[in-house]
Amino acid sequence: MTNEIRVPAQMLEDFISEIFEAAGAGKDEARAIGANLTMASLTGHDSHGVVRTPRYLMNERAGTMVFGQTVEAVIDRGAFALLDGRFGFGQTVGHQATEDGIVRARQHGVAVVALRNAGHLGRIGAWAELAIEAGLVSIHFVNVANSMLVAPFGGAERRFSTAPVCVGIPNPGGDFLLDFATSCAAEGKILVAMKGGRPPPPGALIDGEGQPSADPEALYGPVAEGAVPDPRAGPGALTAMGDHKGSGLAFACELLAGALTGSGTTSPGSRVHNGMLSIYADPDRFDDGFGWGRAVADYVDFVRSARPADPAHPVLAPGDAERIALGNRMANGVPLSAEIWASLVAAGEGLGVKAPCV
Ligand code: NAD
């Protein structure tokens, strides 16, 4: 990263929380947003971390994300619920929806919770981690309505959102946490590249002619000095990961999280929001004595023990990369490009919040 600075985790969380409180969030909600964004940065997901602050503030001012919302139960039938997030901050309504799923799964063994109209749910792994803490397995299909960024396999124009998928399975030797966008790269990774961070991964972008591009402007178009980059503005698109397979998974997310929840599939509309279809299961309920915990632990260790292609890089299980990043960044601070730090300082100044000295 060019001109990188390191910010201690607690200092960063406090600063971001103060910014959201100054913007009008209640103390608890502001803390939840600050903690969630900081944790995304700590676990290495800079694209879903504190870099999002200016955009969240912009969305709140525009009325597309709303502070202080509580999910509304549209349908409440035992193991199934359809919840409306009323465009509340994902850090609030995502938390409420996950808690709801946990309660239902404890009661029924399994639960399906459909969440519509949620403000940005951030790193989806955060919700699987909450379920893991409760001893539950969870699967989450997510779409981003009105955020048409990704070209379908074989297409030269956008049809899908970055539609993340997440699977969480408790494991004392390191929880299994598979959590990724179905686009080759999450949009925020291109945002980080635009702001002087790591360049976009090869093959992640196409230009307006459907040809590979490494230029973030393919997504954002030219961005004026001080303006917040708008991913709708560019002529190109993100690509789906894994060719026709990843493209098919993105398609499934749009249908499961968008069409089946009433949240809406992605389109060129304007109010960007998340839909999420989550499945929760209590693994103790389907264990007849074979010992699911041991079976999971043994297999995760077996996979990790595969001979690495490069001895310097041992095989990792999903969730390991985040644990490694967390350990490193807790010890050494969160790395931010000078440009990202300046955008946070400016966001604070605009609300009368003084940035800490770093
Ligand atoms: P990514 O490409 O970094 O992949 C992350 C996954 O791959 C994790 O499960 C990680 O443990 C695993 N992984 C990483 N390195 C590995 C290795 N060497 N071996 C084995 N597994 C490894 O993730 P991404 O696609 O950039 O997504 C980043 C975040 O963005 C996710 O948290 C996702 O939920 C979030 N997201 C959210 C939205 C939204 O609208 N809320 C949209 C898109 C993405």
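Inter-label distance, Asp301 to Leu178: 2.2 nm, where each label sits 7 Å from its Cα along the C-beta direction.
Under conditions of 37 °C and 0.692 mPa s, segment 34-189 yields 202 µm² s⁻¹ as its translational diffusion coefficient, taking Rh as the Kirkwood radius over Cα pairs in the Stokes-Einstein equation.
Within segment 11-119, the percentage of alpha carbon pairs spaced more than 16 angstrom apart rounds to 59%. Only beta bridges with both residues in the chain are counted; by DSSP, about 85 percent of them are antiparallel. In plain terms, the bigger the Kirkwood radius, the slower the diffusion; for the chain, with that radius from Cα pairs, at 20 °C and 1.002 mPa s, Stokes-Einstein puts D at 103 µm²/s.
Computed over the Cα atoms of segment 292-358, pair by distinct pair, the Kirkwood hydrodynamic radius stands at 15.7 angstrom. The aspartates and glutamates within cross-link reach of Lys245, meaning a Cα-to-Cα straight distance under 19 Å and a gap of 8 or more places when in the same chain, are Glu157, Asp179, Glu254. Please work out the Cα center distance from segment 156-172 to segment 307-341, rounded to the nearest Å. Their Cα centres are 20 Å away from one another. Starting from the Cα gyration tensor of segment 209-340, take the square roots of the eigenvalues, sort them a ≥ b ≥ c, and report rounded, prolate or oblate (rounded when a/c is under 1.5, otherwise prolate if a/b is larger than b/c, else oblate). Cα axes put segment 209-340 in the oblate bin. Cross-link reach is defined here as a Cα-Cα straight distance under 21 Å, omitting same-chain residues fewer than 8 places apart; for Lys354 the lysines meeting it are Lys27.
If the segment from Gln211 to Phe153 were pulled out straight at 0.36 nm per residue, it would be longer than the present Cα-Cα gap by 19.6 nm.
Calculate the length of the line joining the C-alpha centroid of segment 260-282 to that of segment 173-209, in whole Å. Measuring centre to centre over Cα atoms gives 21 Å.
To the nearest whole percent, what portion of all C-alpha pairs in segment 56-138 is separated by more than 16 angstrom? Across segment 56-138, Cα pairs with separations above 16 Å total 50 percent.
Between segment 114-152 and segment 65-83, what's the alpha-carbon centroid distance in Å? So the separation of the two Cα centres works out to 15 Å. With Cβ to Cβ distances under 13 Å as the rule, what net charge do the other residues near Asp76 carry (K, R +1; D, E -1)? Its environment carries a net charge of -1. The convex hull built on the alpha-carbon positions of segment 158-286 has an orientation-averaged projected area of 10.4 nm².
None of the figures in this text is laboratory data; all of them are computed from the coordinates on show. Because the structure is predicted, anything quoted here is derived from the model rather than measured. We place every Cβ from the backbone using ideal geometry, glycine too, and count neighbours over all the protein chains shown.
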